[in-house]
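All remarks here apply to the structure that follows.
The values are calculated or read from the model by the stated rules, or taken from the named source; none is laboratory data. Keep in mind that this is a model prediction, so the values were computed, not measured. Ideal geometry is used to build each Cβ from the backbone, glycine not excepted, and the neighbour counts take in all protein chains shown.
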């Protein structure tokens, strides 16, 4: 299928049909009809006059059928309307397949609601995110496999689910069944859920400066009876202090004690709130071996890492989201990289999902952005 653009219509049809078995008959019929039209050099499906036909594609849940449909459409030009409908269909299937293993199926009944969900996306023009979240959310509770998670904002919940659950950004194979995790930037506690689902005996110490998120995370810990979890309503910094925390209503994930968001707040006329928060240092919590240090602290990364640098040798794995803005000249990514290198960490760097699809990246140099770093100690130190 890699060279599909060079195939004749007949060979394309034969290649695709070879993928299907009898149990996939519904999806296969749709592909057969489409490819029969391709072979006759006519339009694949007249969806502009038969919008309901698209709901039948809901049966093409199997990846090989979905891929075949996409490839066939790429091979044979379709109208703009058809292209939009099929793109939405594929987006829905991808989101559905990502969510399915994490959902509480007793509540969600995703298989029963799959076809109707696609109809809502196509005919009612609802977003894929909203339709899928409706399957697992009731009020401010998200019913996941093995846990009921209270959340603050649906948009931010979906973003966190994509990063933490679907992409599994914190997946680590620990060498023990009771790893110690320091969660710096807990928010509602979704990373705690992810870790506890894989390692029920994990010990977790968390830090969250925003009182609303900290309270929400604490209720999630209590509601789901997660043992060995301690949450501190504190911000982290280079020294003990009391600072103003800024929370943007449109971005509940971006609360910060820095001024990195001031320019965006002013330019976009965003609503923001402020509250006082105590600041503590991280080094007292690094006196014993730490299996995983997760750090998402909105612009304080370099200050915190420099303060505890002499104890980072006790950390095995580290996730760090580095935040930058013109106002944060002291939060240099190069300083963090040099520190990790000096401590014998190997690492990988990538843009965070929120900034990954930016157009014209050169135009954004020096402006608000975030970068993710995954690091592992290569030191010979015995943990």
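A few comments on the model shown:
- Elements of the type strands (runs of 3 or more DSSP E) sitting completely within the range 278-356 and holding at least 3 residues that are touching a helix residue (DSSP H, G or I) at 6+ places or on another chain (Cβ under 8 Å) and either at pLDDT 95 or above or under 22 Å from residue 231 (Cα atoms) (or both): these cover 290-295, 315-324.
- Those strands (runs of 3 or more DSSP E) lying entirely in the range 171-255 with at least 1 residues touching a helix residue (DSSP H, G or I) at 6+ places or on another chain (Cβ under 9 Å) and over 26 Å from residue 316 (Cβ atoms): 241-248
- Listed here are the helices (runs of 4 or more DSSP H) enclosed by the range 90-143 that have at least 2 residues being in contact with a strand residue (DSSP E or B) (Cβ under 9 Å, 6 or more places away or on another chain): 105-108, 128-136.
- Among residues of the range 124-140 that are without any contact (Cβ under 8 Å) to a residue 24 or more places away in the chain, those with a Cβ under 9 angstrom from a residue that is in a loop (DSSP other than H, G, I, E, B), sequence gap 6+ or separate chain, pair up as 134/126; 137/151; 140/151; 140/152.
- Flag for residue 164 being in a helix (DSSP H, G or I) and in contact (Cβ under 8 Å) with a residue 24 or more places away in the chain: yes
- Number of positions in the range 181-210 that are surrounded by fewer than 21 Cβ atoms within 10 Å (Cβ to Cβ) and either closer than 20 Å to residue 287 by Cα or modelled with pLDDT under 95 (or both): 2
- Hey, residue 383 at pLDDT below 95, in contact with a strand residue (DSSP E or B) (Cβ under 9 Å, 6 or more places away or on another chain) and not assigned by TED's automatic domain parsing to the domain that holds residue 280 or not: yes
- Within this structure, residue 306 fails the test of being more than 23 Å from residue 371 (Cα to Cα) and surrounded by fewer than 21 Cβ atoms within 10 Å (Cβ to Cβ).
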